[in-house]
Amino acid sequence: MTHQISFRRQAFAMAAPLALGAAAMFAPGAAMAQTYSPDVLQVSETGAVAFDPSPQLDLANGGAIEFWVAAVWSGDPGYDPPVVINIGPEGILYQISVLRERDGLVFANANDEDVFIADLTDGKLHHVAVNIMLDGLEVYVDGVLVGTSELLPLSLPSAALFVGGIEPDNSQNLDGAIAQLRFWSQPLEPQEIIDFRLREVLDANSEDHPAAEFLVAQSDFRARELLVVESMETLP
């Protein structure tokens, strides 16, 4: 099935020159398609970035978040470096962070948090997918289910979506890289997570992503933008 998507482009609120990663940054087993080169944000060099709030990114009614993350620090930074934070005046809707020891991930909201164990100590980019369902979460790392939780995003007003950190002075940012950030309005199937980790949602050389109609936003770090879906058309 083929789709045509119209996007609304959101520029970074905090912009800096970007350095793009290479295939060597990816964890072993993440074979790259020859024609695919994912967008990579080197947070260590750019600092955190922020986007305007959007109802499609709130995810209180379910969906999924996908990204690649590389954690390159060695000593304990004294905090759990954030990957993505959706926050508003009443608190955090959701936040995903890497544990300070690089041995897993944290999913949190303003009220609670849960930990998911995974080895991220090699400094390579690892794929993460978080399925948000009506009764809880599923967390996948490199295509493998590493845990579930009853925790969910909160239904709160959002002021901004932050990627890589939130502090203006970069004091609690992620030291590493984030790539191919995607937001979905429906949870993903496990095989979809594996098959499309390193493929475009709209694949000119093959079939589109089976869940393409549920895409709500994706990063374009090369252009310093987040692309929010405005309309979707299924083509014959």
Output the residues belonging to segment 77-96 that are surrounded by fewer than 21 Cβ atoms within 10 Å (Cβ to Cβ) and of a type in the set (Ser, Thr, Tyr). TYR79
With (1) within 19 Å of GLY164 (Cβ to Cβ); (2) modelled with pLDDT of 90 or more; (3) of a type outside the set (Lys, Arg) as the list, and MET25 as the residue in question, which single condition is left unmet? (2)
Considering every residue within segment 42-55, establish whether at least one is over 18 Å from TYR140 (Cα atoms), under 14 Å from the mean Cα position of the chain (by Cα), outside any strand (DSSP E or B) and not charged (D, E, K, R). yes
Just one listed residue, out of GLU230, GLU138, GLU200, is part of a strand (DSSP E or B), more than 14 Å from ILE96 (Cβ to Cβ) and in contact (Cβ under 8 Å) with a residue 24 or more places away in the chain, and it is GLU230
Residues being of a type in the set (A, V, I, L, M), in a strand (DSSP E or B) and buried (at least 22 other Cβ atoms within 10 Å of the Cβ): count how many of those fall in segment 97-135. 7
Cβ pairs under 6 Å, 6+ apart, first in segment 144-172 and touching a residue at least 12 places away in the same chain (Cβ under 8 Å) and among the basic types (Lys, Arg), second outside any loop (DSSP other than H, G, I, E, B) and surrounded by fewer than 17 Cβ atoms within 10 Å (Cβ to Cβ): none
Please determine, by comparing only the residues of segment 177-186 that are within 14 Å of the chain's Cα centre (by Cα) and not charged (D, E, K, R), which one is surrounded by the fewest Cβ atoms within 10 Å (Cβ to Cβ). SER185
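Here is a yes/no grid of residues against (1) over 13 Å from the mean Cα position of the chain (by Cα); (2) more than 25 Å from PRO53 (Cα to Cα); (3) buried (at least 16 other Cβ atoms within 10 Å of the Cβ):
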residue	(1), (2), (3)
VAL139	no, no, yes
LEU151	yes, no, yes
ALA159	yes, no, no
SER171	yes, no, no
ASP195	yes, yes, no
HIS209	yes, yes, yes
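Hey, can you tell me all the residues within segment 78-96 that are touching a residue at least 40 places away in the same chain (Cβ under 8 Å) and part of a strand (DSSP E or B)? Walk me through how you get there before you give the answer.
Filtering segment 78-96 for residues touching a residue at least 40 places away in the same chain (Cβ under 8 Å) gives 79, 81-94.
Result: PRO82, VAL83, VAL84, ILE85, ASN86, ILE87, GLY88, GLY91, ILE92, LEU93, TYR94.
The values are calculated or read from the model by the stated rules, or taken from the named source; none is laboratory data. All of these numbers come straight from a predicted model, not from anything done at the bench. Here Cβ is always computed from backbone atoms with ideal geometry, including for glycine, and neighbour counts include all displayed protein chains.
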